[in-house]
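Step one of this worksheet: look at the structure below.
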Amino acid sequence: MNINSWENCVIRYGAGVGMYRTHLFGSPSIIGCSPAFNKFVMQNDNLFPIRWPAQDIVGQKSLVVLNGKAHARLRSYVSNAINKPDALKKIAKLVQPRIVASLRLWAEKGQIRGIEETKKGNRMIFSHVNVPGNLRKHWKNVCQSRARPGLDELDRCFEGLVKGVRAQPINLPGTAYHHALQCRKILMAIFRTELEKKNGNGSEDGDDLMDGLMRIKDEHGEILCDDEVLDNIVSLVLAGYESTSLASMWALYYLAKYPDVLQKLREENNAVNNKKRGDFITNEDLAKLKYTNKVVEETIRMANIAAFTFRLVSEDTEYKGHMLPKGWKVILWIRYMHTDPNNFDNPMCFNPDRWNQPPKPGTYQVFGGGARICAGNNLARLQLAIYLHHLATGYKWELVNPNAKMEYLPHPKPVDGVEIAFSTL
Ligand code: HEM
């Protein structure tokens, strides 16, 4: 999928009513690229159900691909477990020692690739927030093992999944989809072993996400079957782990490119630290860090981690005099919202102060919208704010290749993976 050719399309034909008709992967498709059209689609979940190109990668029983009641039931549990104030309070306490430990490790190394190290750091964090206890031990052991160079098995498998999830579903050796299916098999086997252990021991007292999913009941008192639990665990790690790692990587990049922003961030966070005398910050402290929260929003806007998202027209629907025929695909081009100068002044400039005012209505769609708005949006913001706090107060860093070129798929990033020289202040 060539994002640049879509951008040329808008330049050539104008924004029109905010949608384009095209053929993608042999199917008639509509590309949405205006705040109003995207909002119309996101708010009308029944007319435009979600339809990922490669649903098998995510899992047919995952909340990320389900629609209607089945989706609502899972979503409400997941969002309570990871995205509500009580959960976030606990998570802030849990993740902070791990963030501090991973930053110390970066300083010991002296030179790191942001893309790899933010993933390792997040893996430690994520394993504590999200995944089952036994697997957490396995993951932790792998993370701490210096004898095993490079990415570990779980990491490689999740990376394979991320690459396949937006790919054309062609199951031939060598394709991203084929590789992702292989990765999914391995992951499902690892998680199934954990589930079987839990089934053997009883999960009544456990408090990780898998225990919670195993306890959900529907209106008839039915619990989820094993495949439902597994599909949802895999898709939650998939949705949360890579996205927050990339956001942290971009924070390193932009703060190195914009030293004035880093200076302001440092001043605000040092002021909090001086009062606390070395204690970890709480999420109440974070709520008061006004500038830090603006840096968080600006980082996520610029990072454009979810560049587009997928829907299907479920019945003939009219929009501003145009017929959207049943069965057509809809691709909401979220990235365009955040890079269009009509929506954000000088959009490619990293400027946290733009958040002194709210964005124009409907233009900020980084977490999607409507019934499918990101179920981990507050968790992602919290995690990034904690990262920024410890980075700004304890460390300095420089880009090794400040003019590195960008690549855009499966997610935008500098080709050198943000290589930096990193040390304590
Ligand atoms: C900066 C980080 C993140 C970004 C930019 C992001 C972005 C998004 C977007 C755009 C969607 C909507 C997709 C659609 O409309 O089809 C979404 C959905 C979702 N996200 Fe995130 N996300 C992030 C972090 C997280 C985290 C940390 C989690 C937690 C595990 C998470 C879990 C989910 C889930 C479960 C959904 C599906 C919601 C549903 O279908 O009801 N995300 N995310």
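The set of residues from the stretch 247-263 being assigned to a helix (DSSP H, G or I), in contact (Cβ under 8 Å) with a residue 40 or more places away in the chain and open to solvent by 40 Å² or more (accessible area, probe 1.4 Å) comprises just one member, Lys257.
Test Lys288 against the stated conditions and say whether it is touching a residue at least 12 places away in the same chain (Cβ under 8 Å) and out of contact with any Leu (no Cβ under 9 Å at 6 or more places or on another chain). Spelling it out, Lys288 is indeed touching a residue at least 12 places away in the same chain (Cβ under 8 Å) and out of contact with any Leu (no Cβ under 9 Å at 6 or more places or on another chain). Can you list residue pairs whose Cβ atoms sit under 7 Å apart, with the first residue in the stretch 169-181 being free of Cβ contacts under 8 Å to residues at least 12 places away in the same chain and the second being of a type outside the set (Phe, Trp, Tyr) and assigned to a helix (DSSP H, G or I)? Count only pairs 6 or more apart in sequence or on different chains. Filtered contacts from the stretch 169-181: Asn171/His178; Asn171/Leu181; Leu172/His178. Looking only at residues of the stretch 342-368 that are on the phi > 0 side of the Ramachandran plot and surrounded by 13 or more Cβ atoms within 10 Å (Cβ to Cβ), we find that the one that is nearest to the ligand (Cβ to nearest atom) is Gly368. Among the residues of the stretch 62-74, those that are over 18 Å from Arg166 (Cα atoms) and touching a helix residue (DSSP H, G or I) at 6+ places or on another chain (Cβ under 8 Å) comprise His71, Ala72, Leu74. Taking each residue of the stretch 293-322 that is in contact (Cβ under 8 Å) with a residue 40 or more places away in the chain and looking for partners that are among the small types (Gly, Ala, Ser) and not in a loop (DSSP other than H, G, I, E, B) with beta-carbon atoms closer than 7 Å, six or more apart or interchain, yields Asn293/Ala385; Val296/Ala385; Thr299/Ala247; Thr299/Ala251; Ile300/Ala247; Ala303/Ala247; Ile305/Ser243; Ile305/Ala247.
Residue-level analysis places Ala371 outside the set of residues that are at pLDDT below 95, within 16 Å of the ligand (Cβ to nearest atom) and crowded, with 20+ Cβ neighbours inside 10 Å. Is it the case, given these coordinates, that Asn274 is away from the ligand (no atom under 16 Å from the Cβ), over 26 Å from Val41 (Cβ atoms), touching a helix residue (DSSP H, G or I) at 6+ places or on another chain (Cβ under 8 Å) and outside any loop (DSSP other than H, G, I, E, B)? For Asn274, the condition - away from the ligand (no atom under 16 Å from the Cβ), over 26 Å from Val41 (Cβ atoms), touching a helix residue (DSSP H, G or I) at 6+ places or on another chain (Cβ under 8 Å) and outside any loop (DSSP other than H, G, I, E, B) - is not met. Taking every residue in the stretch 408-425 that is without any contact (Cβ under 8 Å) to a residue 60 or more places away in the chain and pairing it with any residue that is open to solvent by 40 Å² or more (accessible area, probe 1.4 Å) and part of a loop (DSSP other than H, G, I, E, B), at least 6 positions away or on another chain, the pairs with Cβ-Cβ distances below 9 Å are Val415/Asn401; Val415/Lys405.
Conditions tested, residue by residue: (1) surrounded by 15 or more Cβ atoms within 10 Å (Cβ to Cβ); (2) within 13 Å of the ligand (Cβ to nearest atom).
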{"residue": "Leu187", "(1), (2)": "yes, no"}
{"residue": "Thr193", "(1), (2)": "no, no"}
{"residue": "Lys197", "(1), (2)": "no, no"}
{"residue": "Asp211", "(1), (2)": "yes, no"}
{"residue": "Val229", "(1), (2)": "yes, no"}
{"residue": "Leu236", "(1), (2)": "yes, yes"}
{"residue": "Ser245", "(1), (2)": "yes, yes"}
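Yes/no per residue for (1) within 11 Å of the ligand (Cβ to nearest atom); (2) under 30 Å from Thr424 (Cβ atoms); (3) open to solvent by less than 50 Å² (accessible area, probe 1.4 Å); (4) among the acidic types (Asp, Glu):
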position: Val78; (1), (2), (3), (4): yes, no, yes, no
position: Ala81; (1), (2), (3), (4): yes, no, yes, no
position: Gln96; (1), (2), (3), (4): no, yes, yes, no
position: Ser102; (1), (2), (3), (4): no, yes, yes, no
position: Ala107; (1), (2), (3), (4): no, yes, yes, no
position: Gly110; (1), (2), (3), (4): no, yes, yes, no
position: Arg113; (1), (2), (3), (4): no, yes, no, no
position: Glu117; (1), (2), (3), (4): no, yes, yes, yes
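The values are calculated or read from the model by the stated rules, or taken from the named source; none is laboratory data. On a predicted model such as this, the values are computed, not experimentally measured, just so you know. Neighbour counts run over all protein chains shown; Cβ positions are idealised from the backbone, glycine included. The area values use the complete protein model at the heavy-atom level, side chains included, leaving out ligands, DNA and RNA. Shrake-Rupley method; radii C 1.70, N 1.55, O 1.52, S 1.80 Å.
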